[in-house]
2 protein chains.
Amino acid sequence: MQPMHAEILSTGDEVLTGTVVDSNAAYIAGKLFETGFKVFRHTSVGDEMEQLRGVLAEIGGRADIVIVTGGLGPTVDDLTAAAAALAAGIELAEHPTARSYVEAFFEKFYRPMTESDAKQALLPTGSEPIFNPTGTAPGFRMKIGGCTCFFLPGVPFEMRRMMTESVLPFLEEHVLPKTGRQHYREKLLSLFGLPEAEVNGRLIEISKGFGDVKLGMIARFPIIDVKLTAFGDDVNRLEEQLETAAGQVMDILGDWIFSVEQEPMEAVVGKLLRERGATVALAESCTGGLIAHRLTNVSGSSDYFLFSAVTYANAAKMDLLHVLPETLEQEGAVSEQTARQMAEGARRVSGADYALATSGIAGPTGGTEEKPVGTVCIGLAGPERTHTKRIVFPFRNRMANKEIFAFAALDMLRRELLKR
Amino acid sequence: MQPMHAEILSTGDEVLTGTVVDSNAAYIAGKLFETGFKVFRHTSVGDEMEQLRGVLAEIGGRADIVIVTGGLGPTVDDLTAAAAALAAGIELAEHPTARSYVEAFFEKFYRPMTESDAKQALLPTGSEPIFNPTGTAPGFRMKIGGCTCFFLPGVPFEMRRMMTESVLPFLEEHVLPKTGRQHYREKLLSLFGLPEAEVNGRLIEISKGFGDVKLGMIARFPIIDVKLTAFGDDVNRLEEQLETAAGQVMDILGDWIFSVEQEPMEAVVGKLLRERGATVALAESCTGGLIAHRLTNVSGSSDYFLFSAVTYANAAKMDLLHVLPETLEQEGAVSEQTARQMAEGARRVSGADYALATSGIAGPTGGTEEKPVGTVCIGLAGPERTHTKRIVFPFRNRMANKEIFAFAALDMLRRELLKR
């Protein structure tokens, strides 16, 4: 059976001009996939009648369902209902239920209703209003061509409630039983440290035996997600095939994979620390507080995170962490010896079980031939030993380097904790 | 004169399924508007050959230019070049220049080039490669129907450099001179600390005298940008009206505005520190390293940023910053007295001119009736005095609180530096 052809249309100049990022579309797509619809296309157009009408007529000619957001409000540039009527070749008229929704809203908040507010009850003839519990503009449902169209406001929290309270239940009750239900399952395996092409090369052969499971890869710098997806009628079969495929990927990639549940690296490291009853301290130079920021993004991190000394200045490295002046002089601040002494100093001063230290050159300036931009030295002091690592990443961008330096350090701690 | 019909196409399952929010499209739309192109439509489709081919053929039939992102990498699901060739009815072939780009990238980083890497040099016949300075996949330019198509990678920092270094210069040089140019000008005034409705209320009356300049507001948590935009033929007139409007907004909002050049708060604070020859140290509890991370995002920050002590544990507050045990006991870690001692301790230990300290409850747990989630105490120690501030923000979300606590602290330092 062919999956239903679903689409998403976002309207509004602010989306089109790049003033806001369209997070509505991602939310709706996620919900539709979960419910068993396959989204073939997102489109965004501005607040212009002819553009709106044209794209609605196009979608009406090819999709089974579409979720449209934006342009339902009371102002001059809210044109969606009129454009929908034009696209379907019908009239706009005041809908009594929609009118009562708008009136009830203003009554509830003791605000006077103006004429432009009342405009929100004008819907294409024959359409069904959709209740908006948190805003003034009702949504509506209508057919354009062969396509069932759901029109919702663009305000994210209004749209989200109407999706979960009205649109998805309608689809579950009235659409899915007729079409038979298509199921969608996905699994993301997150890994750090291997280039995308290398991951691809290792998986390409086995992926031929994955059956209905499709192999994909998402580069979310500095992470790569191996994405396994399956779409079909038989949910047990899908899940079984997905489990088998995931198992094979894990056998091949081993501990390069740090999460199979879409957790951030800092949550994975936090969980390992908690399980082992261990604490951690940091000494950050080039990462400038980013590792501490990440670790403390996890609620409850105060149980295992003791402190970070963000020591940009050499004086701070000596005073707070007792790095030896001669090491700084002879080896430089960016050296494995300095990283070792920073880690050991942070561990001693804090009394933590583990201490992680970074020193490097994030750029864009400050590189030398011997120590180019992108160089990081990481020290990890633990109960049994201290080890260090020097890595040269190919980036010139300061933010990219801070990001990947922090990731590399956290990954080093993760691998050490896995050994215990 | 009709503006050029520009479109944007984002490809990739991760955009379509809602796994990632498409921030590329917003960036590209902003750049095209600035350059004088009007964007009529954004479209996103997944990694499926027939969908990709179909949408490229449609766009080729109606647009003058299109920027396409994604699907140029070395893996199985990177199909864009093949789909473009199909849509234009031509073949794929290895392009020698593209091949040399890919080879040069691997040579530079001493990594072996695999066969799947080499695939990235296969381009539709007759297309022109676009150099990618920060990644392996070259972009390319070609015609489909009457439309000039620019294909770029989906990785944001690669795409952005290629837009500014190759695509926009090409449009400026080869496309705009033929079509005549529509001008777009915008000015963003960034402010922190006033609610959006309050800003709107203060500006609504004067905005009626702005002429062709349109007033808008962008909420980029925790910042609000007042956005002034103008579009038209006469560039001098646009710029003059924009300057006048901006001057009036600045008169009304005064030092609530921290930047008129879209600089981040940390760059503004960094510039003030540099101009005054002053240095800064931090003592961060609830912000967990985020202030240090922000300050060190600015290249050259090592000139004025000395260190941050991220002291999550009370022991660290006492040992490193000499906060008195009795203060912690009697007033608690989250108190103006503790924030004062943390700031003074950080200033003394580091020898910095200024020290900024934060202690608060980011949540979601840990709040009490007296000190609810969202409470932050900030201390600022300077050459003349130390002052402290307690603010209660209405958020329950940990990340939102860390973000706004860090902003409030940096803003306090900014206002102090402005007085010198």
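Site pair A:GLU173 and A:GLU261 shows an inter-label distance of 3.5 nm when each label is modelled 7 Å from Cα along Cα→Cβ. The mean number of Cβ atoms from other chains found within 10 Å of a Cβ in peptide B:61-74 is 1, as a whole number. With the cut-off at 21 Å, tell me which of the pairs A:LYS31/A:LYS271; A:LYS402/B:LYS402; B:LYS317/B:LYS402; B:LYS187/B:LYS402 have Cα atoms farther apart than that. Going by Cα-Cα distance, A:LYS31/A:LYS271; B:LYS187/B:LYS402 fall outside the 21 Å limit. A crude spin-label estimate for the pair B:GLU384 and A:ALA93, with each label 7 Å from Cα along the Cβ direction, gives 7.3 nm. If you build a Gaussian network model of chain B, linking Cα atoms that sit under 10 Å apart, which residue out of B:LEU191, B:LEU356, B:LEU122 swings the most? Sorting by GNM fluctuation, first place goes to B:LEU122.
Ignoring aspartates and glutamates fewer than eight residues from B:LYS38 along the same chain, the ones with Cα atoms less than 16 angstrom from its Cα are A:ASP13, A:GLU14, A:ASP47, A:GLU48, A:GLU50, B:GLU7, B:ASP64, B:GLU172, B:GLU186, B:ASP233.
A DSSP coil position with no more than 16 other Cβ atoms inside 10 Å describes the following GluC sites (Glu not before Pro) in segment A:384-420: A:GLU384. Length available on full extension from B:VAL392 to B:LEU194: 0.36 nm per residue minus the Cα-Cα distance, which gives 69.8 nm.
With Rh defined as the Kirkwood radius, the inverse of the mean 1/r over Cα pairs, the Rg/Rh of the protein assembly as shown is 0.97. Under a model in which nothing but the beta-carbon of Lys, Arg (+1) and Asp, Glu (-1) is charged, chain A shows a dipole of about 900 debye around its Cα centre.
Cα centroid separation, segment A:307-358 to segment B:368-387: 30 Å.
When only DSSP loop residues count, what GluC sites (Glu not before Pro) in segment A:244-298 have their Cβ near at most 12 other Cβ atoms within 10 Å?
Numbers: sites: A:GLU261, A:GLU266, A:GLU275, A:GLU284; in loops: A:GLU261.
The qualifying sites are A:GLU261.
As a proxy for reagent exposure, ranking A:VAL39, B:VAL310 by other Cβ atoms within 10 Å from fewest up yields A:VAL39, B:VAL310. Between helix B:96-108 and chain B there is an angle of about 30 degrees, using the helix long axis and the longest principal axis of the Cα atoms.
What separates the Cα centres of segment B:196-211 and segment A:227-250 is a distance of 55 Å. To the nearest ten degrees, helix B:336-350 and the longest principal axis of the Cα atoms of chain B are 80 degrees apart. Relative to one another, the C-alpha centroids of segment A:109-155 and segment B:39-113 are positioned 40 Å apart. For chain A, the relative contact order works out to 10 percent when only alpha carbon pairs closer than 8 Å and six or more residues apart are counted.
Identify which of B:GLU331, B:GLU369, B:GLU14 has the largest mean-square fluctuation in a Gaussian network model of chain B, with springs joining Cα atoms closer than 10 Å. Answer for the Gaussian network model of chain B: B:GLU369. Measuring nothing but how far apart in sequence close Cα pairs (under 8 Å, 6+ apart) lie, relative to its length, segment A:265-419 scores a relative contact order of 25 percent. Using the Stokes-Einstein relation with a Kirkwood hydrodynamic radius computed over Cα pairs, the translational diffusion coefficient of segment A:5-179 at 10 °C and a viscosity of 1.306 mPa s comes to 99 µm²/s.
The aspartates and glutamates within cross-link reach of A:LYS419, meaning a Cα-to-Cα straight distance under 16 Å and a gap of 8 or more places when in the same chain, are A:ASP255, A:GLU275, A:ASP353, A:GLU384, A:ASP411.
Can you pull the mean other chain C-beta count within 10 Å for peptide A:24-36?
3
Here the sum of -39500 (n - 2.57) over DSSP H runs of 4 or more residues, divided by the residues of chain A, equals -12000 deg cm²/dmol at 222 nm, to the nearest 500.
Over segment B:5-179, Cα pairs under 8 Å with separation of 6+ residues give a relative contact order of 23 percent.
This model, with +1 at the C-beta of Lys and Arg and -1 at the C-beta of Asp and Glu, gives the protein assembly as shown a dipole about its Cα centre of some 1140 debye. Against the main long axis of the alpha-carbon atoms of chain B, helix B:398-419 sits at an angle near 70°.
Using +1 at the C-beta of Lys and Arg and -1 at the C-beta of Asp and Glu, which of B:THR125, B:GLY135, B:THR327 has the Cα lying farthest in the positive direction of the dipole of chain B? So the residue furthest toward the plus end is B:THR327.
Every number in this text was worked out from the coordinates using simple rules, so none of it is lab data. Just so it is clear, the model here is predicted, and its values are computed rather than measured. Please note: Cβ atoms are built from the backbone with ideal geometry, for glycine as well, and neighbour counts cover all protein chains shown.
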